[in-house]
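Any read-out appearing in this document is the output of simple, stated calculations on the displayed coordinates, not a laboratory observation. Being a predicted model, the structure only gives us computed values, none of them experimental. Here the Cβ positions follow ideal geometry from the backbone for every residue, glycine too, while neighbour counts run over all protein chains shown.
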Amino acid sequence: MRDVMEAAAGILIAFLFYTLFRKISVSLSESLNFFTLAVILIGLMKGEMAGAFMGMACGLIVDSFSLGIFGISGLANTLTGYLAGYISRKVNVIPFLRNLVFIGIMASLELAVWMGMSALIFGEGIHFGKGLIFLQPVFTAIVGSLLFLGIRKFRAQHEK
Amino acid sequence: MSQIQSERRKQLVLAGLLFFQLVLISLQVPRGEESSYFEKGIFFIFSPVQRGIHALFEKMGSVWTRYVDLRSVEKQNRDMKDELFRLRQENIQLRNGLEKFTDKQAIARILSDLRQSYLFAAVIGADASNLYKSVIIDKGSRDGLTNSMAVVDKYGNLVGRTINPVSLGEATVQLLTDDNSGISVYSKDHRVVGVLAGDGKSGTCWFKYVQATNTDLAVGEELITSSLDRIFPAGIRAGRVVSIVTDNSLFKKIAVRPELDLADLNFVAVLTQRLDTLF
């Protein structure tokens, strides 16, 4: 039950930041994907199953607020959430630099799957936000790894 | 349960989730007008959250406007008084003009209908994956909104039309810059008729189906809606021609800059009644 509540809180926080950033600056919101960030973090902390379900929930929310095909973001995020949980169980991605690279790779994977599926279904070019979309994995990795570090430190202090 | 069985079970769940979403995708290809109940359900649940966040943000903004930025109020007040004076004069002239054609009772009815034909709405969100496709507004079916109603900005320029999903208090507006949008328009000076479609990527639109042999159309010409599509009333400003290319194809390649300014799109007006049916 606690895991579900944490995931729901994660979705709500991601949604809040997504809406706020859209209001502040469109460029800012295009260069940082809060939903993917929430999915990767849940995958990292709770494992592949939680990551996959979180990915599906977040992806379908993104799809329902877009005129694109319903399910593309859901598919990309489900895969990302599962792989984030699975790989983090096999490889140690706790150290900061490794974590930064790992989140960057996972965010790139999500973007690649989303772009690939969109190009396959629409059969034409997709919106790149004047190239800002390619900065998404970089910014997501930086914010994600800092957030992960913060959560770890907070938990360590809390346990003491 | 052994480690291998646990792994296999997880992979099966993943395969199930992916399969479910592939089915969702395949149900919509080729894309239709109607969104699924599942998609509508998610929109119904989360659009009030977006509305709440927008309201909170607006409140914070209004605190700033009220208490910190009072310096500009006097100028704004003066400008608005000038604007009010101008609009009153325009109103008197239009009423006088109208009286020449119809009796007073008919005028009263037309003006009453006209007031009820606009519904003002605030833009509370943008498209989650592509800025140039759609926006979310804070009025929905409870306010009388339905699918395919024309939407204009505060200057009267064309924004797009309402499209599903429309929830009780929120609605989606398909922008004219969306690549699936098609609006019947004509050029103001030379009356060249065509279809205005978005490119969905850069905010530019294309004026389609103008024959390569046509020599009338010029760069800078204004495009306005023609109402031939039976969605958008005639006479709304849509965009301006920025380039015309003629190659070996049957039609010209005409790029159009929409009048709509996405950066300034905070409020819109939804035309709940076709204005051309009032007169």
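List of remarks:
- Cut-off 11 Å between beta-carbons: net charge of the residues surrounding A:GLY51, Lys and Arg +1, Asp and Glu -1: +2
- Viscosity 0.692 mPa s, 37 °C: Kirkwood-radius Stokes-Einstein D of chain B over Cα pairs, µm²/s: 149
- Check: segment B:181-279 dipole with +1 on Lys, Arg Cβ and -1 on Asp, Glu Cβ, in debye: 180
- Taking B:LYS201, B:LYS133, B:LYS59 as the candidate residues, the one with maximal mean-square fluctuation in a Gaussian network model of chain B, Cα springs under 10 Å, is B:LYS59.
- Of B:PHE19, B:PHE46, B:PHE232, the one that fluctuates the most in a GNM where chain B has Cα springs shorter than 10 Å: B:PHE19
- Put simply, the amide H of B:VAL192, placed in the peptide plane, has neighbours under 5 Å in B:SER187, leaving out anything fewer than 5 places away on its chain.
- Qualifying trypsin sites (Lys or Arg not before Pro) for segment B:137-198 [loop in DSSP, other Cβ within 10 Å: at most 11]: B:ARG191
- For segment B:157-251, taking the reciprocal of the average inverse distance between every pair of different Cα atoms yields a Kirkwood hydrodynamic radius of 14.0 Å.
- Folded to 0 to 90 degrees: helix A:96-122 orientation relative to chain A principal axis, Cα: 30
- DSSP-loop chymotrypsin sites (Phe, Trp or Tyr not before Pro) across segment B:122-208, with at most 10 other Cβ within 10 angstrom: B:TYR155
- Three principal axis lengths of chain A [C-alpha, angstrom, descending]: 54, 31, 28
- At least 30 Å along the helix axis (C-alpha) and Kyte average at least -0.5, DSSP helices within chain B: B:3-27, B:37-67
- Dividing the Cα radius of gyration of the protein assembly as shown by its Kirkwood radius returns 1.04 for Rg/Rh.
- Based on the Stokes-Einstein relation at 4 °C and a viscosity of 1.567 mPa s, and on the Kirkwood radius from alpha carbon pairs, segment B:178-229 is assigned a translational diffusion coefficient of 114 µm²/s.
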